[in-house]
1. Starting from residues that are part of a strand (DSSP E or B) and among the aliphatic types (A, V, I, L, M), keep the ones in the stretch 59-77 and report whichever is nearest to Leu281 (Cα to Cα).
2. Checking Ser58 against (1) under 20 Å from the mean Cα position of the chain (by Cα); (2) free of Cβ contacts under 8 Å to residues at least 60 places away in the same chain, only one condition comes out false. Which one?
3. For Asp40, indicate whether it is under 25 Å from Leu270 (Cβ atoms) and free of Cβ contacts under 8 Å to residues at least 40 places away in the same chain.
4. Just the residues that are in contact with a strand residue (DSSP E or B) (Cβ under 6 Å, 6 or more places away or on another chain) and modelled with pLDDT of 95 or more, please, taken from the stretch 17-28.
5. If you scan the stretch 112-140, which residues turn out to be modelled with pLDDT under 95, surrounded by 14 or more Cβ atoms within 10 Å (Cβ to Cβ) and part of a helix (DSSP H, G or I)?
6. Return the only residue of Asp22, Asp30 being touching a residue at least 40 places away in the same chain (Cβ under 8 Å), out of contact with any Asp or Glu (no Cβ under 6 Å at 6 or more places or on another chain) and surrounded by fewer than 16 Cβ atoms within 10 Å (Cβ to Cβ).
7. Mind telling me which of the residues Glu93, Glu127 ends up being of a type in the set (D, E, K, R) and within 30 Å of Phe248 (Cα to Cα)?
Amino acid sequence: MTGFEITGASAADMLLMRDWADEEGWNPGDSDRYAFAVADPAGFLVGRLDGEPVACISAVRYGAGFGFIGFYIARPAVRGRGYGIRLWHAGMERLDGRLVGLDGVVDQQDNYRKSGFRSAWNNFRYEGAPQGGGAEEGDAGLEIVDAGTLPFGLLAAYDRRFFPAARDAFLSAWTGLPGRTALAAVRDGRIEGLGVIRPSSAAHRIGPLYAATPAVAAALLRRLARHAADGTVSVDAPDANPAAAALFEGLGLAPAFETARMYTGPTPDLALTELFGVTSLELG
């Protein structure tokens with residue numbers, strides 16, 4: 001493979017990786033890369049052929065024991081020539097010794113199984129404009145507030161119920177970047193839900209969407225959808241929480257895309273019955 005080398009991603013490469021993901025139909029958020037970069041600046045790799053980027057992968061480390069693979073893309077012109085698998089091995093070597101997770105598209109899941117990954121659940125992307133009235137109006141005890149007005153320590157502790165490792169720097173950027181909206185559902189001083197909406201190439205993406213009950217999830221979803229120009233949103237819902245599919249279908253959203261959450265070891269103990277939408281298919 002003369003002329004092929006693997007390097008860390010530059011800021012320009014991060015934008016290119018976002019564009020490649022968009023071409024794959026993944027609809028990444030417009031500003032996601034800024035939050036991604038602070039999660040693990042060295043966790044993004046690019047394969048270059050004679051100096052030109054032809055493949056990419058992210059291998060992001062969280063804490064001392066967890067990692068997440070994403071952005072695994074080889075450009076169509078070079079597929080089948082071994083460049084992608086070399087990048088895959090480089091990413092996995094970076095996460096050696098850790099429990100590793102990923103969200104795999106359907107046509108790659110068998111390959112991930114050959115590399116030691118096992119399916120934990122499927123994510124179904126639901127898209128559409130939520131129908132019906134505002135559920136929050138019928139719950140006098142629930143308050144929807146700007147998540148940025150809450151002590152960050154409370155948000156970080158709440159997020160840890162849904163993710164295998166602390167990710168404070170990422171969460172701070174993810175909820176606070178310009179152009180996106182983060183809302184929390186609060187009852188009697190306790191956080192009962194969190195949702196973030198961000199602009200993307202197609203429908204505005206919502207993720208995460210955490211909620212103590214389907215009613216709280218619906219209240220957050222409707223309020224977040226007000227920040228989409230045409231009200232159309234998309235959210236990646238885990239089938240490990242059957243209430244999520246029932247909720248979104250009841251609100252008139254339709255499934256449009258499928259991935260599988262996979263791990264190299266035991267599935268982490270997460271609050272799946274309150275997980276209505278994963279944060280990001282690229283970083284978990």
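1. Residues of the stretch 59-77 that are part of a strand (DSSP E or B), as a first pass: 59-62, 66-74.
If we keep only those that are among the aliphatic types (A, V, I, L, M) too, we end up with 59-60, 69, 73-74.
Working: Ala59: 13, Val60: 13, Ile69: 9, Ile73: 13, Ala74: 17 Å.
Going through the qualifying residues, I end up with Ile69.
2. Condition not satisfied by Ser58: (2).
3. Yes.
4. Met17, Trp20
5. Ala135, Glu136
6. On the way: Asp30 fails: surrounded by fewer than 16 Cβ atoms within 10 Å (Cβ to Cβ).
Going through Asp22, Asp30 in turn, the sole match is Asp22.
7. Glu127
Conditions (1) open to solvent by 30 Å² or more (accessible area, probe 1.4 Å); (2) aromatic (Phe, Trp, Tyr); (3) more than 24 Å from Ala246 (Cα to Cα), marked per residue:
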{"site": "Leu142", "(1), (2), (3)": "no, no, no"}
{"site": "Pro151", "(1), (2), (3)": "yes, no, yes"}
{"site": "Arg161", "(1), (2), (3)": "yes, no, no"}
{"site": "Ser172", "(1), (2), (3)": "yes, no, yes"}
{"site": "Gly176", "(1), (2), (3)": "yes, no, yes"}
{"site": "Leu183", "(1), (2), (3)": "no, no, no"}
{"site": "Leu194", "(1), (2), (3)": "no, no, no"}
{"site": "Ser201", "(1), (2), (3)": "yes, no, yes"}
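The values are calculated or read from the model by the stated rules, or taken from the named source; none is laboratory data. These numbers come from a predicted model, not from an experiment. Quick reminder, even Gly has a Cβ in these numbers, built from the backbone with ideal geometry, and neighbours come from all protein chains shown. Accessible surface is based on the protein model in full, side chains and every heavy atom, while ligands, DNA and RNA are left aside. Shrake-Rupley method; radii C 1.70, N 1.55, O 1.52, S 1.80 Å.
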